[in-house]
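Single-structure report; data block below.
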Amino acid sequence: MNGAILSVTIASLLAFPAVFAVITNFAAQNGETLRNVLLTEAGSLVLGSNRSLRRLSAADLSVVREVFLPEGQVSRLLLGDPEGTYSGRVLSCLRTNCSLLDVNNIASHNWEVSNVLLVDGMTNAGGLFVHGREDTSVLTVGLQRNGEQVSRIVRGNLVNVGEISGQGFSVFARQTESFFFLYDREFLTIFQNDGFSYFVTKQGADDEIRVVRVCNNDTSSSVADGGFVSYFEIRLECGGSESVPTAATFLPSDQTITLSAAQSQSLVCVFKLFDIHQLMTQKYNDCRYGMGSTGLARSGTKPCELFNPERLNTTHITECNLVSSLLPFQEVVNPLSAGPVFSLPLSNGNFTSLIHSTLDNVRYLFAGTHNGKIYQYHYVNSTSINPIRTINLVSSEEMSGTNNVTQMTVASDGLTLYALSPSKLYSITVDVCNTYTSCNACLGESGDPICGWCSLENRCSRQSECSAVWVSDSIGSCPVITSADPSIIYVKELQMGEVDIQLTTANIPEDVSYECCYGFQSGTSEQHSTTSTVTMVIPATRNNDMFTCRVRYDNVPKIPTNRDSLQSMLSLRYKENNVAVLDDPIRFANCSVHTNCTSCIDSDSQCNWCPFTFKCISSINDSCSGVDETVMESCPKLLPPLDNDNYVVHVDYTYGETPLVIRAENLGQFSDSFSSNRFNCVIKNGSEVLFKTDAVLNTDGNVECVETRVSEEGGKGGENQQLHH
């Protein structure tokens with residue numbers, strides 16, 4: 001049976017944008033190793049290490065209280081009480097004992113009075129409370145193998161024996177204990193659901209993925225060698241039988257187990273709890289009817305025996321309401337397989353910790369790695385999952401085993417992710433919408449469905465933080481100015497009257513009032529010094545998606561004499577809050593400040609040069625007689641000869657049949673003027689005119705000086721004259 005519930009394209013590292021997130025951290029002190037962290041229902045952080053327990057502020061990770069552990073003890077388990085039976089206190093287990101801990105008075109705890117519950121010599125432990133009747137609760141703990149000890153599940157019926165005056169904590173006493181040997185197992189996650197406790201484990205040398213299930217009401221050892229009579233297990237395969245499990249988490253809302261594994265890549269698979277439960281139920285019912293075998297393959301099996309025929313068809317019989325009559329130690333023979341919902345190259349990180357969270361009805365998956373990275377995904381629907389961002393907890397130079405993300409937890413409001421490594425505890429902001437400064441980035445680059453564009457506030461935000469008009473569909477729904485006409489306003493035009501700027505827009509919220517505004521730096525001088533910004537506000541009229549902003553000459557500051565323009569940003573502003581919904585650059589220009597063609601043509605203000613008046617003019621309401629506006633884009637130039645720096649004119653030599661040719665460019669626009677003899681070649685010696693003749697534009701675009709002759713008398717005694725171009 002295939003348990004995959006997601007089928008998506010495998011995500012690559014390139015799919016993850018690097019996004020800024022606010023990260024703070026608490027660093028381990030004096031070489032200690034941080035081992036576990038718990039976020040209590042009241043919002044307090046409890047941090048355990050191999051030396052101490054600390055209460056930290058969830059806001060900034062500062063230390064509120066600290067208590068050092070007895071010699072030889074380490075923090076092995078921190079367990080919250082979500083149902084509040086013990087007034088929100090925390091169960092803290094060290095190497096050999098467990099106690100209820102008052103988080104608000106952690107420094108006064110007396111570890112010596114705690115009752116021994118756990119087996120000595122174990123390493124890390126995971127656990128959960130299963131609340132029973134009245135004042136009794138059941139504590140279920142998974143203990144990992146260490147040295148000669150074997151992994152086991154321990155469950156004790158615990159009773160509260162009262163308060164110790166002035167010390168603010170309660171002590172548990174062990175009443176009965178159930179256990180089951182799991183040999184060499186590592187616990188990846190432990191959770192309870194619908195009357196069962198589940199343990200997702202990694203088994204021994206074969207690195208198999210095993211899910212163990214026991215009934216919550218199974219607390220007695222009715223089997224001769226001890227154990228849970230409701231014990232069931234099933235093998236899972238993520239991406240094939242060769243994959244090695246690395247982390248797991250349970251998502252109650254979807255009733256799914258998300259599991260990471262390493263093969264040739266880092267894989268993540270998702271299994272339906274329903275499929276696991278269904279296979280176990282089928283195996284149980286088959287055995288009730290005498291089909292198959294009971295027991296575990298590793299410790300021996302035997303044929304199933306038929307249940308009492310009178311009770312076989314009793315519909316109310318289940319695995320948990322008839323615990324004393326169960327056939328113990330069941331195992332589903334065939335594995336449940338699932339393909340990966342996404343993967344990463346092992347070089348990018350091996351997943352070591354997983355956790356789900358929900359914010360604004362969006363479901364996230366955070367996957368921590370061995371080298372200090374956290375990959376964030378979101379579920380699009382039940383059949384697709386998308387990457388959002390990569391959170392780098394350390395620089396590439398710092399990536400090492402000490403940055404292994406061993407545990408993660410999320411604040412109850414979903415806004416903060418806490419990640420633990422052996423050396424640091426990190427606090428990470430989940431909502432990074434405000435880091436995107438444009439609508440396109442907000443709806444495109446972020447990839448985060450909680451982010452939308454708050455149009456009337458001109459910012460990226462969650463919907464709950466936007467007062468009105470929150471857009472989250474796609475980039476195509478972003479407010480936009482598609483054109484501004486004109487984009488350059490010339491002073492001469494303003495001097496002749498008002499100028500209307502037409503803004504063509506799309507996706508602008510309706511039923512609200514807008515105005516136009518643009519700003520200038522006041523105090524502008526020849527040195528461009530400024531003192532403050534002056535904002536000019538002008539009315540805006542709307543006709544569907546067209547806005548008209550009317551500018552007058554007295555609304556524009558004087559342009560400094562050493563500049564040809566003032567740059568500004570024309571904004572369409574929401575009148576109620578003075579927030580610019582959109583803006584577009586505009587320029588106020590004065591072309592007349594340019595005195596030569598090159599600076600005129602090269603200006604950013606789209607000025608044109610008139611060679612007849614030797615003036616720089618605008619393209620609007622300015623004229624240059626004899627020259628079409630469209631041909632004044634490049635300046636006319638005389639170029640040096642190809643084989644010399646200067647043209648040489650020999651005295652007393654007449655250039656008749658072979659006229660003097662001067663290389664030129666951009667003169668084609670003046671062809672009519674050349675034809676009517678309006679241009680001349682002039683040779684000067686200083687201010688003295690030595691020669692003047694008609695100029696002709698040849699077919700190559702160069703200038704020919706016809707009948708050129710320079711006499712010796714006009715020059716300097718037989719010397720050749722240089723013609724400067």
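The values are calculated or read from the model by the stated rules, or taken from the named source; none is laboratory data. Remember, it's a predicted structure, so these values are computed and weren't measured experimentally. Neighbour counts are summed over all protein chains in view; Cβ atoms, including those assigned to glycine, are modelled from backbone coordinates with ideal geometry. The area values use the complete protein model at the heavy-atom level, side chains included, leaving out ligands, DNA and RNA. Shrake-Rupley method; radii C 1.70, N 1.55, O 1.52, S 1.80 Å.
Observations on the structure shown:
- One residue stands out in region 353-396 among those that are under 23 Å from A338 (Cβ atoms), open to solvent by 20 Å² or more (accessible area, probe 1.4 Å) and of a type in the set (G, A, S): the one that is modelled with the highest pLDDT, namely S384.
- Total residues in region 594-621, condition open to solvent by less than 50 Å² (accessible area, probe 1.4 Å) and among the aliphatic types (A, V, I, L, M): 2
- Condition met for S260 (small (G, A, S), modelled with pLDDT of 90 or more and in a strand (DSSP E or B)): yes
- Lone qualifier among L417, L456 - being assigned to a loop (DSSP other than H, G, I, E, B), of a type in the set (A, V, I, L, M, F, W, C) and either in contact with a Phe, Trp or Tyr (Cβ under 6 Å, 6 or more places away or on another chain) or at negative phi (or both): L456
- Selection count where residues are over 16 Å from R213 (Cα atoms) and either out of contact with any Phe, Trp or Tyr (no Cβ under 8 Å at 6 or more places or on another chain) or part of a loop (DSSP other than H, G, I, E, B) (or both), scope region 239-251: 8
- Some residue of region 277-294 being in contact (Cβ under 8 Å) with a residue 60 or more places away in the chain and part of a strand (DSSP E or B): no
- Here S571 meets the list (1) of a type in the set (S, T, N, Q); (2) assigned to a loop (DSSP other than H, G, I, E, B); (3) under 37 Å from the mean Cα position of the chain (by Cα) almost entirely, failing just condition (2).
- Selection count, region 563-589, where residues are surrounded by 22 or more Cβ atoms within 10 Å (Cβ to Cβ) and at positive phi: 0
- Number of positions in region 459-494 that are in a loop (DSSP other than H, G, I, E, B), touching a helix residue (DSSP H, G or I) at 6+ places or on another chain (Cβ under 8 Å) and not polar (S, T, N, Q): 4
- Test: residue in region 206-214 that is within 20 Å of Q376 (Cα to Cα) and buried (at least 21 other Cβ atoms within 10 Å of the Cβ): no
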